[in-house]
Amino acid sequence: MSTVTVSVAQPEAVARRRGIALVFCCTVIGAAAQMLIKTGASSLSHGDPLAMLTNLYLLAGYSMYGISTVLLVLALRKGQLSILYPVISLTYVWVTILSVLVLKETMNPWKAMGVGIIVLGVAVLGRDGRK
């Protein structure tokens, strides 16, 4: 007769994965917010504060930043700051990719290398020493 063992994740491990997932969502939402803010800012003819407050792209971008902040607070409640915060730098990666794909900005080798260094840095800093 064989015995089946089921591995149940530790509560800390579940909280850690949940925190990382929430912060990852923050980076994607933050990048989308940047794209909306860029689009809204480009459509402004001048720096009129009323125009900034009534521009739908800007309002959507500000709202997405708010959502991103709420998710970050939820992630930081039980997560380790030293592991979660470096993940936020992935926002730069998404913004660079979206800028090239959506805004048709150019990607040069220096930008590509910078993005690669950020991704590598997040991977290194995000490694947890525990097995």
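Which whole-number value in Å³ per residue fits the convex hull of the alpha carbons of the chain?
In the chain, the Cα convex hull volume per residue is 166 Å³.
Compute the distance in nm between two label points, each set 7 Å from the Cα along the Cα-to-Cβ direction, one at Arg17 and one at Val119.
In this crude spin-label approximation the distance works out to 2.3 nm.
Could you derive backbone 3J(HN,Hα) for the range 92-104 from the dihedral phi with the Karplus parameters 6.51, -1.76 and 1.60 (θ = phi - 60°), listing whole Hz in sequence and x where the residue is Gly or Pro?
Using θ = phi - 60°, the values come out as 4, 5, 5, 4, 4, 5, 5, 4, 6, 6, 8, 8, 6 Hz.
Could you give the length gained on full extension between Ser42 and Asn108, defined as 0.36 nm per residue of separation minus the Cα-Cα distance, in nm?
Taking Ser42 through Asn108 to full extension adds about 21.4 nm, to one decimal.
Per residue of the chain, what 222 nm ellipticity follows from adding -39500 (n - 2.57) for every DSSP H run with n ≥ 4, rounded to the nearest 500?
After summing the helix terms and dividing by the residues of the chain, the value is -24500 deg cm²/dmol.
Is the range 76-117 rounded, prolate or oblate when judged by the Cα gyration tensor, a ≥ b ≥ c being the square roots of its eigenvalues, rounded requiring a/c under 1.5 and prolate requiring a/b larger than b/c? Before the final figure, lay out each step's value.
Details: a/c = 6.83, a/b = 2.24, b/c = 3.05.
Oblate, since a/c reaches 1.5 and b/c is not below a/b.
Give me a comma-separated list of calculated 3J(HN,Hα) values for the range 11-19, in order, Karplus coefficients 6.51, -1.76, 1.60 applied at θ = phi - 60°, integers in Hz, x for any Gly or Pro.
Whole-Hz 3J(HN,Hα) from phi for the range 11-19: x, 5, 5, 5, 4, 5, 5, 5, x.
Every read-out reported here was derived from the displayed coordinates using simple, explicitly stated rules and does not represent laboratory data. Owing to the predicted nature of the structure, the values given are computational and were not obtained by experimental measurement. Note that we place each Cβ from the backbone using ideal geometry, even for glycine, and neighbour counts take in every protein chain shown.
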